[in-house]
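Heads up, the thing below is written out as structure tokens.
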Amino acid sequence: MENRTNFFHLHLISDSTGETLISAGRAASAQFKSAQPIEHVYPLIRNRKQLLPVLDAIDHEPGIVLYTIVDRELATLIDERCAEMGVASVNVLEPVMAAFQIYLGAPSRRRVGAQHVMNAGYFARIEALNFTMDHDDGQMPDDYNDADVVIVGISRTSKTPTSIYLANRGIKTANIPIVYGVPLPEAVFSATKPLIVCLIATTDRISQVRENRVLGATPGFDRGEYIDRAAISEELKYARSLCAKHNWPIIDVTRRSIEETAAAIVALRPKLR
């Protein structure tokens, strides 16, 4: 029997940017392989005038409604209208806030966009992002000891996207390519502050990613050797030998998402401090 993918409408209503909802909606949707969501995102919904057209759109294309609205009156309006339409609606933050209130013994402030306040944590993330961009792909090696994390690895092991993801969590990250037979900068070996971690993947995975990569016209570039499995195996062997020599932890990213790789790196930090 032919497998068919069903589609459904997923309405995401937020009084802020909608990032929390998008993550929650996609995490839940991923558990249902036979159904794919058609996302409708409505950010910065903060009054009745903005909300009413959204409810009309839901009525036109019914589906599942997830929302993060801290204003009780607007939240009640969403629930009532969705009930009238026979549409499931879930206030994603309410159970979480209720648990916090019970444990802390205090009501929430219900302040819109509270997670996006430009406090010290916000500026720390900006500083980390600037540092990470400045230290991408082996740049500015003299500053490696100012990093929180240094990622090393051969080409196409997701060093840059992992670094940027960590930076968005306030972790200053540098990344350095490992090239077979080419010594790493001396500053890596003398750095005492950062966690140094190596990313690897299977030979087949790296070859596949490299083959699909859009390549520029770099003088002297040998595409055949770049995707050759035997050459990649030597690169990985060289990377492993460096890690063994300097006692650097290794993370295999073959079956990991960027988020999972970053989480594994974060988990390693307290163990090595």
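LEU77 meets each of the listed conditions (1) modelled with pLDDT of 90 or more; (2) under 25 Å from the mean Cα position of the chain (by Cα); (3) under 17 Å from ILE13 (Cα atoms); (4) not in a loop (DSSP other than H, G, I, E, B) apart from (2).
Mind checking whether some residue in segment 156-174 is in the same structural domain as SER241 (by TED's automatic domain parsing), touching a His at 6+ places or on another chain (Cβ under 7 Å) and either acidic (Asp, Glu) or on the phi < 0 side of the Ramachandran plot (or both)? Yes, the conditions are met somewhere in segment 156-174. Within segment 200-225, restricting attention to residues that are part of a loop (DSSP other than H, G, I, E, B) and closer than 27 Å to ILE265 by Cβ, the residue that is modelled with the lowest pLDDT is ARG213. For segment 15-38, the criterion of being assigned to a strand (DSSP E or B), surrounded by 15 or more Cβ atoms within 10 Å (Cβ to Cβ) and of a type in the set (Ser, Thr, Tyr) is met by no residue.
So which residues in segment 246-270 are part of a helix (DSSP H, G or I), under 22 Å from VAL209 (Cβ atoms) and touching a strand residue (DSSP E or B) at 6+ places or on another chain (Cβ under 8 Å), if there are any at all? THR261, ALA264, ILE265 - these are the residues of segment 246-270 that are part of a helix (DSSP H, G or I), under 22 Å from VAL209 (Cβ atoms) and touching a strand residue (DSSP E or B) at 6+ places or on another chain (Cβ under 8 Å).
Can you tell me which residue is nearest to the chain's Cα centre (by Cα) among those in segment 152-174 that are of a type in the set (A, V, I, L, M) and farther than 15 Å from GLU259 by Cα? Applying the filter and picking the extreme gives ALA174. Could you list, in sequence order, all residues of segment 171-184 that are surrounded by 14 or more Cβ atoms within 10 Å (Cβ to Cβ) and within 16 Å of TYR144 (Cα to Cα)? ILE171, LYS172, THR173, ALA174, ASN175, ILE176, PRO177, ILE178, LEU184, listed by residue number. ASP146 meets all of the listed conditions (1) modelled with pLDDT under 90; (2) among the acidic types (Asp, Glu); (3) over 16 Å from THR254 (Cβ atoms) but one, namely (1). Is it the case, given these coordinates, that ALA99 is assigned to a helix (DSSP H, G or I), surrounded by 13 or more Cβ atoms within 10 Å (Cβ to Cβ) and either at pLDDT 95 or above or of a type in the set (Gly, Ala, Ser) (or both)? Criteria not met by ALA99. All of VAL54, VAL65, VAL90 fail the test of being of a type in the set (Val, Ile, Thr), assigned to a helix (DSSP H, G or I) and more than 27 Å from ASN168 (Cα to Cα), apart from VAL54. Filtered by the rule that a residue be closer than 19 Å to SER16 by Cα, touching a residue at least 24 places away in the same chain (Cβ under 8 Å) and surrounded by 18 or more Cβ atoms within 10 Å (Cβ to Cβ), segment 65-89 gives VAL65, LEU66, TYR67, THR68, ILE69, VAL70, LEU74, ILE78, SER89. Here THR192 meets the list (1) under 17 Å from PRO270 (Cα atoms); (2) surrounded by 14 or more Cβ atoms within 10 Å (Cβ to Cβ) almost entirely, failing just condition (2).
The values are calculated or read from the model by the stated rules, or taken from the named source; none is laboratory data. Quantities reported herein were computed from a predicted structural model and do not represent experimental measurements. Every residue, glycine as well, gets a Cβ built from its backbone with ideal geometry; the counts of neighbours run over all protein chains shown.
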